Every structure is written in structure tokens, then in C-alpha cells.
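One structure is given below, encoded as C-alpha cells.
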Amino acid sequence: MFKEYLGSSKQTIEQWLGEILTSPNQEFKPLYESMNYSLMQGGKRIRPILSKAVLEMLHKDPADYKEFLCAMECIHTYSLVHDDLPAMDNDDYRRGNLTNHKVYGEGLAILAGDGLLTYAFQLMTANKKASAQEKLDAIQCVATAAGPEGMVGGQAFDMLSEDKHIPLEELKVLHRGKTGALFNASVELGLILGNADTATRTALMEYANCLGLLFQITDDILDVTGTIEELGKTPGSDIRQHKSTYVSLLGLEGAKEQASSVGKQAHDALNSVSYDTSILAALIDYLLKRTN
Ligand code: GRG
């Protein structure tokens, strides 16, 4: 049943994503093609699915807030396009296809990332359902998560930590920014737009913290155990770049134990919530068992 939920949510989100980026004129078409190339290339769509699940839990219709959900995926896609660039991870493949700069060149790939990031904010302001205050709160939450206090900060710390051993506490700071911030914002968006009460907010933000951490630990595990077919890119990039990871610091078994303990914490966080949290609970187990 959860598998069907994931499949149909992904389909709905991809339909919305397919409608948002049309070039306003002939001249800008190559830029839009490059943006759409990365945006429409699959991926798990886990961040908008998370916002969707929180909104549904709060009895809201996610279609009313589709601009916010698409914005999260635009920001995530921008981060992947820039992360793959020669100046960063220098990857040739993403999701089994050539990376954006391999197809369109570095200049256009940088601009496609810039375009996706900026367009995310344009989209959120265009939503017709949220009140002015809800929009302001939601946009502030997304900007804080994506910017220097969140994802960009984590990415910079990651880049500067290459070839260095960093202790577990610093690795957590790195991932709280690089990966966790967008997970938190995906949940928080749902809470803001769904007008959740304080107790629900507190419990679900604890859940979001655990989920982001869990996602990153499984990402580190998959970099060691995954195949090129499963991952859509060459595994072992962390080792090649001499990065500290949960696996390098705790060993493979230690990282797996850590993942299941964080998964349990995420389940515990849901226990006090007075809404139906079955989808959010299933998401934890899906991330624990994921192969890509
Ligand atoms: C360039 C500002 C900037 C940030 C980049 C996202 C990111 C930060 C780096 C990507 C490298 C990486 C492996 C990050 C850790 C986890 C992560 C974000 C993986 C990719 O996300 P998924 O698995 O991707 O949700 P799909 O393909 O499913 O959309």
C-alpha cells in the first residue's frame, strides 16, 4: 500500500513539475531545456512527498500548495546540478544519465542551477491559497534551510573537509546543513501551511531531524554497498574523495546500527502525534531499506 502511495505521489508531483517551466521566448529556450533536463529526470521526489504527507495528515489538499512542493524539488535539483560541476564533485552521471554540464556545458549548467533556485521563490510567491503571513513564514523557512545557515553552509563545510578526518560531532553539523536542512524545511512547510498546533510541530520537527540524519547515514552506506545500476552513478565517491562518512567513522556495521537507532527515534517522535501518522512512519522504514 505504501509503495502505491509513493508511486502515485511521485506521479502527481512530476505532473506539476512538468507544467511549471516554459520558456517565455525563443531566445531563452536552451536555458529552460537545461533546467527541465535535470528537473524532469526522475529522482525519488522525497522532499515534496514529505511535505505532501504532512499536509495530508493535517487534512489539507496538497494540490492547493503545489507551488511550495515544486519549489522544494527545484531547490533540490539546483543543488544536484551545482554539486556535480567540475569545481565541486565533478560527476559525469546522475540518476543513470549524463550530468547537466556534460550535456549543456558548464556555463549553462551553472545558470540552470541559478534559474531553478530563483524560480523556486517566484513559484512560492505565486501561490493563491496561503495567507500573506503563511507565505512569509514558509518562504523564510525555505530560504533559511537552503542558504548559508543550511544547505549551502553544509556544502561549503563538506568541500573544505575533503582529505581531512573530521570527528562524528562535526560530521553531524555538516549533514544537518547539507542534507538535513531541506528535509526539515519539507516537513516544516507542511506544518506552516497546514496550520499545525505547537505539540504537533515539536514532535514532527524531531521526526524531521531524525529522518534527515537517517537519510544521510543510508546514503553513506549505499556509497559502499550500492551498485552503479542501483545508484545511477559510480559508487565509492566518498572513498575516492577521502571524505569522512558514517561508514568511515563507525564501520559498515556501526553505521547500520546507527541508522536503525535513528529510525527508532523517528518512530518514537511520531508516538505523541494525535493525527494519523502511518504514512510518515512508513517513510522511515522506506528510507532505512532504500537501495537508491
Ligand atoms: C551545491 C549548494 C549545493 C549543495 C549541494 C545535495 C547536495 C548539496 C549534494 C549532493 C551530494 C550528496 C550525495 C548529498 C547527500 C544526500 C543527497 C542530497 C542525495 C541526493 O538526494 P536524493 O537521493 O536524490 O533525494 P534523488 O535523485 O532521489 O532526487
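The values are calculated or read from the model by the stated rules, or taken from the named source; none is laboratory data. Keep in mind the model is a prediction, meaning the values are calculated, not measured. Counting neighbours? That spans all protein chains shown, and the Cβs are built from the backbone with ideal geometry, glycine included. Keep in mind that these areas ignore ligands, DNA and RNA; they rest on the heavy atoms of the full protein, side chains included. Shrake-Rupley method; radii C 1.70, N 1.55, O 1.52, S 1.80 Å.
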### Summary
Matching residues in the stretch 58-75 (under 16 Å from GLU188 (Cα atoms) and either within 15 Å of the ligand (Cβ to nearest atom) or of a type in the set (A, V, I, L, M) (or both)) number 7
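Within the bounds of the stretch 121-136, is there any residue that is within 15 Å of the chain's Cα centre (by Cα) and modelled with pLDDT of 95 or more? Full working, then the answer.
Step one: of the stretch 121-136, the residues within 15 Å of the chain's Cα centre (by Cα) are none.
For the stretch 121-136, residues within 15 Å of the chain's Cα centre (by Cα) and modelled with pLDDT of 95 or more: absent.
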### Message
Let me spell it out: the conditions are (1) open to solvent by 10 Å² or more (accessible area, probe 1.4 Å); (2) more than 16 Å from ALA185 (Cβ to Cβ); (3) within 16 Å of the ligand (Cβ to nearest atom); (4) of a type outside the set (Lys, Arg), and SER9 meets all of them except one. Which number is the exception?
### Response
(1)
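Residues ALA281, ALA259: which one is under 30 Å from ALA199 (Cβ atoms), in contact with a helix residue (DSSP H, G or I) (Cβ under 8 Å, 6 or more places away or on another chain) and either open to solvent by 30 Å² or more (accessible area, probe 1.4 Å) or without any contact (Cβ under 8 Å) to a residue 24 or more places away in the chain (or both)? Before the answer, list the steps.
Working: ALA259 fails: either open to solvent by 30 Å² or more (accessible area, probe 1.4 Å) or without any contact (Cβ under 8 Å) to a residue 24 or more places away in the chain (or both).
Of the residues listed, the single one that is under 30 Å from ALA199 (Cβ atoms), in contact with a helix residue (DSSP H, G or I) (Cβ under 8 Å, 6 or more places away or on another chain) and either open to solvent by 30 Å² or more (accessible area, probe 1.4 Å) or without any contact (Cβ under 8 Å) to a residue 24 or more places away in the chain (or both) is ALA281.
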### Summary
Scanning the stretch 81-121 for residues that are among the aliphatic types (A, V, I, L, M) and open to solvent by 30 Å² or more (accessible area, probe 1.4 Å) gives ALA87, MET88, LEU98, VAL103, LEU108, ILE110, LEU111, LEU117
### Task
Test SER237 against the criterion of being under 21 Å from the mean Cα position of the chain (by Cα) and open to solvent by less than 70 Å² (accessible area, probe 1.4 Å), and give yes or no.
yes
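Select from the stretch 129-146 the residues that are touching a residue at least 40 places away in the same chain (Cβ under 8 Å) and more than 16 Å from the ligand (Cβ to nearest atom) and list them in ascending order.
Going through the stretch 129-146, the residues touching a residue at least 40 places away in the same chain (Cβ under 8 Å) turn out to be 129-130, 134, 137-138, 141-142, 144-146.
Within the stretch 129-146, LYS129, ALA130, GLU134, ASP137, ALA138, CYS141 qualify.
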### Message
As an exercise: evaluate SER51 against (1) more than 12 Å from the ligand (Cβ to nearest atom); (2) open to solvent by 40 Å² or more (accessible area, probe 1.4 Å); (3) touching a residue at least 12 places away in the same chain (Cβ under 8 Å) and give the number of the one condition it does not meet.
### Response
(2)
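Quick one: which of LEU160, LEU168, LEU182, LEU213 is open to solvent by less than 10 Å² (accessible area, probe 1.4 Å) and either more than 30 Å from ALA132 (Cβ to Cβ) or within 12 Å of the ligand (Cβ to nearest atom) (or both)?
Working: LEU160 fails: open to solvent by less than 10 Å² (accessible area, probe 1.4 Å); LEU168 fails: open to solvent by less than 10 Å² (accessible area, probe 1.4 Å); LEU213 fails: open to solvent by less than 10 Å² (accessible area, probe 1.4 Å).
Checking each option against the conditions leaves just LEU182.
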#### Entry: Conditions (1) under 18 Å from THR12 (Cα atoms); (2) near the ligand (Cβ under 10 Å from one of its atoms): number failed by LEU80
(1)
### Task
Take the stretch 185-205 and flag every residue that is of a type outside the set (D, E, K, R), touching a Leu at 6+ places or on another chain (Cβ under 9 Å) and open to solvent by 80 Å² or more (accessible area, probe 1.4 Å).
ASN195
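Tally time: how many residues in the stretch 41-77 are assigned to a loop (DSSP other than H, G, I, E, B), closer than 14 Å to LYS10 by Cα and of a type in the set (D, E, K, R)? Working first, answer last.
Of all residues in the stretch 41-77, those assigned to a loop (DSSP other than H, G, I, E, B) come to 41-45, 58-61.
Within this subset, residues satisfying the condition of being closer than 14 Å to LYS10 by Cα are 41-45.
Add one more test, that the residue is of a type in the set (D, E, K, R), and what stays is 44-45.
Residues in the stretch 41-77 being assigned to a loop (DSSP other than H, G, I, E, B), closer than 14 Å to LYS10 by Cα and of a type in the set (D, E, K, R): 2 in total.
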### Task
Any chance you could count how many residues in the stretch 111-122 are within 14 Å of the ligand (Cβ to nearest atom) and out of contact with any helix residue (DSSP H, G or I) (no Cβ under 7 Å at 6 or more places or on another chain)?
2
### Message
Need pairs with beta-carbon distance below 9 Å; first residue more than 19 Å from ASN209 (Cα to Cα) and aliphatic (A, V, I, L, M) and within the stretch 147-159, second part of a loop (DSSP other than H, G, I, E, B) and near the ligand (Cβ under 7 Å from one of its atoms); sequence gap 6+ or separate chains.
### Response
MET159/MET88
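State whether one or more residues within the stretch 94-108 are assigned to a loop (DSSP other than H, G, I, E, B), acidic (Asp, Glu) and either closer than 23 Å to TYR286 by Cβ or more than 12 Å from the ligand (Cβ to nearest atom) (or both). It would help to see each step written out before you state the result.
The first filter runs over the stretch 94-108 and keeps only residues assigned to a loop (DSSP other than H, G, I, E, B), leaving 95-96, 99, 105.
Remaining after also requiring acidic (Asp, Glu): none.
There is no residue in the stretch 94-108 that is assigned to a loop (DSSP other than H, G, I, E, B), acidic (Asp, Glu) and either closer than 23 Å to TYR286 by Cβ or more than 12 Å from the ligand (Cβ to nearest atom) (or both).
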